[in-house]
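Here the structure is laid out as structure tokens; the discussion comes afterwards.
The values are calculated or read from the model by the stated rules, or taken from the named source; none is laboratory data. Quick caveat, the model's predicted, so the values are computed rather than measured. Neighbour counts are summed over all protein chains in view; Cβ atoms, including those assigned to glycine, are modelled from backbone coordinates with ideal geometry.
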Amino acid sequence: MKYILQIFSGFWSTLRYRAEDIISRIDSLASGIEIDKVIIGWSTDASLYRQLGSWLHGKGIQMLLWLPIFSEVRAELQPDPARDVFGKAVAAPSTQEGETFHFVCPSSGRNAEIVKETYEQFFSGCGFDGVFLDRIRSQSFEAGISGIFSCACERCRRAFQEKGVNTADIRKLYEAQKDAFFDVASWPMDGEFLLENPLAQRYFEVREEIVADAVSDIAGYFKSKGLLVGMDLFAPVVSRLVGQRYPLITRYADFIKPMLYRRTEAPAGIGYEYALLEKNAPKARGKIRLAMDSAFLRTQLEAIRNIPCAKYPGIEINHDEKLVRTDPGYIRESLSAIREYGFEGATLCWDIMNVPEARYCSRDGRTKSK
Ligand SMILES: [Zn+2]
């Protein structure tokens, strides 16, 4: 099994580490495990990537740019914001270490241009072998009801209309039914849930189509430049909540990293995101219970088994006492389940610079307990 390492180099204008520090950390993790790619971003410091890239290439490791697409867009570029079906701007509800999770409109050609221009301006000459597209989604219940009912700006309203959904009807249906809008007929572990109300159901399906259309354009742009395209995706079971339908969106991917985060109490954490549905629609019927155990992990691996691109499920290995209470046993359990499935590899997320000690990983990709 091969490994992808993920490193957060800093926000656009900040830089957290020197190339030497990163190289030394990769070296300490690399003894005995086969590293395939390194995902790093999104500080705009070109010299970091030039230095790191030449070291990685000397070792036969690919370097991919970690690029957020529909959130964390540089505010000075004034991207077209996301709006909800109630006509309001979607709030940025929380920040994690400076990340805003403030989402912009996926249908906006201008927003897609910002992504492409950002790449050209800061990263095109840095030796990247590919891009890793993050935040290719709509907002979740993280921004409450407003988040789940976005984006429905003027452009998105038209896109919904062309696909047969009037967002004014969605608003009326929610206002009439409240929690019952989300009544569930079935919620399989691949996340393609069916709601009792056909219009409510169609809303979620079209939202996925709109996200996939936008991703097709952006991924196509990078592929036309000869770059590999990787994708950061919600775990299957919660993917429909953010407009990610695996069979659709993965058509444009060379590889995917489903975020199988069972210990993350922050956006994209599986239990965290599902609990937000409970919180925002407590009276909705038919909801399921998710146990964050290894049997559950296997349902998620099973759900991606037939997706026809390379699969490197992501496991969080960084540690934070409040947000990400990982431990070596958890990591060992997760990696061994992935190994059983025979996928191309696993991604060690989401910042190997924040792993407490390199002892988390050892020879053969197995983790030491202590
Ligand atoms: Zn929009």
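Annotations
- Only residues that are among the small types (Gly, Ala, Ser), at pLDDT 95 or above and closer than 14 Å to residue 45 by Cβ were counted across region 116-138, and they come to 1.
- In the set 50, 83, 74, only one residue is basic (Lys, Arg), closer than 26 Å to residue 233 by Cα and surrounded by fewer than 21 Cβ atoms within 10 Å (Cβ to Cβ); that residue is 74.
Results for (1) assigned to a helix (DSSP H, G or I); (2) of a type outside the set (D, E, K, R); (3) within 16 Å of residue 335 (Cα to Cα), shown as yes or no for each residue.
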{"site": "258", "(1), (2), (3)": "no, yes, yes"}
{"site": "289", "(1), (2), (3)": "no, no, no"}
{"site": "297", "(1), (2), (3)": "yes, yes, yes"}
{"site": "308", "(1), (2), (3)": "no, yes, no"}
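- Unmet criterion (only one of (1) more than 15 Å from the ligand (Cβ to nearest atom); (2) surrounded by fewer than 22 Cβ atoms within 10 Å (Cβ to Cβ); (3) of a type outside the set (D, E, K, R)) for residue 133: (2)
- Subset of region 176-191 (residues that are touching a Phe, Trp or Tyr at 6+ places or on another chain (Cβ under 9 Å) and of a type in the set (D, E, K, R)): 190
- Residue in region 140-147 that is more than 24 Å from residue 266 (Cβ to Cβ) and more than 16 Å from the ligand (Cβ to nearest atom) present: no
- Consider region 159-183 and keep the residues that are within 16 Å of the ligand (Cβ to nearest atom), touching a residue at least 12 places away in the same chain (Cβ under 8 Å) and not aliphatic (A, V, I, L, M). The one that is farthest from residue 87 (Cα to Cα) is 163.
- Candidates 251, 285, filtered to the one that is basic (Lys, Arg) and assigned to a helix (DSSP H, G or I): 251
- Pick from region 184-232, criterion touching a residue at least 60 places away in the same chain (Cβ under 8 Å) and assigned to a strand (DSSP E or B), ranking: surrounded by the fewest Cβ atoms within 10 Å (Cβ to Cβ): 186
- Options 285, 262; residue that is modelled with pLDDT of 95 or more, among the basic types (Lys, Arg) and under 25 Å from residue 342 (Cα atoms): 262
- Residue 113 meets each of the listed conditions (1) in contact (Cβ under 8 Å) with a residue 24 or more places away in the chain; (2) within 16 Å of the ligand (Cβ to nearest atom); (3) not basic (Lys, Arg) apart from (1).
- Residue in region 90-102 that is within 12 Å of the ligand (Cβ to nearest atom) and either out of contact with any Gly (no Cβ under 7 Å at 6 or more places or on another chain) or farther than 20 Å from residue 233 by Cα (or both) present: yes
- For residue 113, the criteria (1) within 30 Å of residue 150 (Cα to Cα); (2) out of contact with any helix residue (DSSP H, G or I) (no Cβ under 8 Å at 6 or more places or on another chain); (3) surrounded by fewer than 21 Cβ atoms within 10 Å (Cβ to Cβ); (4) modelled with pLDDT under 95 hold in every case but one, which is (4).
- Hey, residue 278 part of a helix (DSSP H, G or I) and under 18 Å from the mean Cα position of the chain (by Cα) or not: no
- Taking the criterion of being within 16 Å of the ligand (Cβ to nearest atom) and either aromatic (Phe, Trp, Tyr) or in contact (Cβ under 8 Å) with a residue 40 or more places away in the chain (or both), the residues of region 51-86 that qualify are 69, 70, 71, 73, 80, 81, 82, 83, 84, 85, 86.
- Members of region 319-352 found to be under 13 Å from residue 263 (Cα atoms), aliphatic (A, V, I, L, M) and not in a loop (DSSP other than H, G, I, E, B), listed by number: 324, 331
- Scanning region 85-110 for residues that are at pLDDT 95 or above and assigned to a loop (DSSP other than H, G, I, E, B) returns 85, 86, 87, 88, 105, 106, 107, 108.
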